[in-house]
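Asks: There's a structure below that I have some questions on.
The values are calculated or read from the model by the stated rules, or taken from the named source; none is laboratory data. From a predicted model like this one, the values you see are computed outputs, not experimental measurements. Here the Cβ positions follow ideal geometry from the backbone for every residue, glycine too, while neighbour counts run over all protein chains shown.
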Amino acid sequence: MDFTSEHGLDDGVIEREFTLGEIPGTLWTPGSTPAPLILMAHNNGLPKGAARLVARARQCAAHGYAVATIDAAGCGDRPRSAADEHVRAELRRAMQAGEPVDEIFESLVGPLVEQAVPDWQTTLDALLGLPEIGGPVGYSGWTALGVRLTVVEPRIAAAGFFAGGYVPRAQREEAGQVTIPLLFLLQWDDEGNPRQRALDLFDAFGTKEKTLHANLGGHTGTPWFEVEDGNRFFDRHLK
């Protein structure tokens, strides 16, 4: 893991860019270390520098967590294959035409999840070797990736999922294997995420400790207080 830049932020938080082979990432660490780690993932290929993700990460770091995000394979600024670009173009066309898009999402998001999991595990291996990170580990963000990652990665002790975004059939079938404490955030009027599908997914999670927070509003309207509530959720399970 090579750190390429370092910036001091408010509340003693340090923000560092890093590369790990072909994986670019950002790590935020609080003033007091070693700190528990939260892996923070974005939806469907958005860059690691997406403003909403960075704001959440900085707030969590100020609360006392080390927070890491990466551009996994096919995400953010990482190169995409010609096949990926074709699927994305077909998705844009179908959405503009008002056509069904579930099967297109399936062919796009499913491979993204499969490609992203190894990159996140490689990153986790490297992060847990740093003296400023003491574990345990939480996950926050993209539901489709989070389901797969928490099923295959025993080092993750608690997770917060954002219900927006398509969840492939494979991950819906795996939901019963998610057995760690879970906080599930749902935007009640999310135009791209059918409400009943999200509620069915919540019901399918196998954990006995799961909480659903539903708020009125569209896809990007999650209230900021949910970030603060998320910190309290992680406090109960990671500290």
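Asks: Can you tell me which residues in the stretch 162-191 are crowded, with 16+ Cβ neighbours inside 10 Å and of a type in the set (Phe, Trp, Tyr)?
Replies: Those that are crowded, with 16+ Cβ neighbours inside 10 Å and of a type in the set (Phe, Trp, Tyr): 162, 166, 184.
Asks: Quick one: what pairs do we get from the stretch 204-228, first residue under 27 Å from residue 177 (Cα atoms) and touching a residue at least 60 places away in the same chain (Cβ under 8 Å), second of a type outside the set (S, T, N, Q) and surrounded by 15 or more Cβ atoms within 10 Å (Cβ to Cβ), C-beta under 8 Å, 6+ apart or different chains?
Replies: So the pair list comes out as 222/162; 222/185; 227/56; 227/60.
Asks: How many residues, within the stretch 174-197, are at pLDDT 95 or above and among the small types (Gly, Ala, Ser)?
Replies: 2
Asks: State the number of residues belonging to the stretch 78-120 that are of a type in the set (D, E, K, R) and in contact with a strand residue (DSSP E or B) (Cβ under 7 Å, 6 or more places away or on another chain).
Replies: Residues in the stretch 78-120 being of a type in the set (D, E, K, R) and in contact with a strand residue (DSSP E or B) (Cβ under 7 Å, 6 or more places away or on another chain): 1 in total.
Asks: If a residue has to be of a type in the set (Val, Ile, Thr) and farther than 14 Å from residue 143 by Cα to count, how many in the stretch 108-123 make the cut?
Replies: 2
Asks: Do the conditions hold for residue 87, that is, is it over 23 Å from residue 130 (Cα atoms) and touching a residue at least 12 places away in the same chain (Cβ under 8 Å)?
Replies: Yes.
Asks: State which residue is surrounded by the fewest Cβ atoms within 10 Å (Cβ to Cβ) when the search covers only the stretch 107-129 and only residues that are of a type outside the set (A, V, I, L, M) and in contact with a helix residue (DSSP H, G or I) (Cβ under 7 Å, 6 or more places away or on another chain).
Replies: Only one residue fits best here, namely 107.
Asks: Shifting gears a bit: All but one of (1) in contact (Cβ under 8 Å) with a residue 60 or more places away in the chain; (2) in contact with a strand residue (DSSP E or B) (Cβ under 6 Å, 6 or more places away or on another chain); (3) surrounded by fewer than 19 Cβ atoms within 10 Å (Cβ to Cβ) hold for residue 21; which doesn't?
Replies: (2)
Asks: What is the one condition in (1) part of a helix (DSSP H, G or I); (2) buried (at least 22 other Cβ atoms within 10 Å of the Cβ); (3) in contact with a Lys or Arg (Cβ under 8 Å, 6 or more places away or on another chain) that residue 137 does not satisfy?
Replies: (1)
Asks: Out of all the residues in the stretch 155-176, is one or more in contact with a Gly (Cβ under 6 Å, 6 or more places away or on another chain), in a helix (DSSP H, G or I) and in contact (Cβ under 8 Å) with a residue 24 or more places away in the chain?
Replies: yes
Asks: Out of (1) under 18 Å from residue 165 (Cα atoms); (2) surrounded by fewer than 20 Cβ atoms within 10 Å (Cβ to Cβ); (3) in contact with a His (Cβ under 8 Å, 6 or more places away or on another chain), the odd one out for residue 75 is which?
Replies: So residue 75 meets the others, but not (2).
Asks: Related question: Note down all Cβ pairs under 8 Å where the first residue falls in the stretch 61-80 and is more than 17 Å from residue 120 (Cα to Cα) and free of Cβ contacts under 8 Å to residues at least 40 places away in the same chain, the second is outside any loop (DSSP other than H, G, I, E, B) and charged (D, E, K, R), and they're at least six residues apart or on different chains.
Replies: Cβ pairs passing all conditions: 80/88.
Asks: Scan the stretch 42-62 for residues that are crowded, with 21+ Cβ neighbours inside 10 Å, touching a helix residue (DSSP H, G or I) at 6+ places or on another chain (Cβ under 9 Å) and at pLDDT 85 or above and jot them down.
Replies: 56, 60, 61
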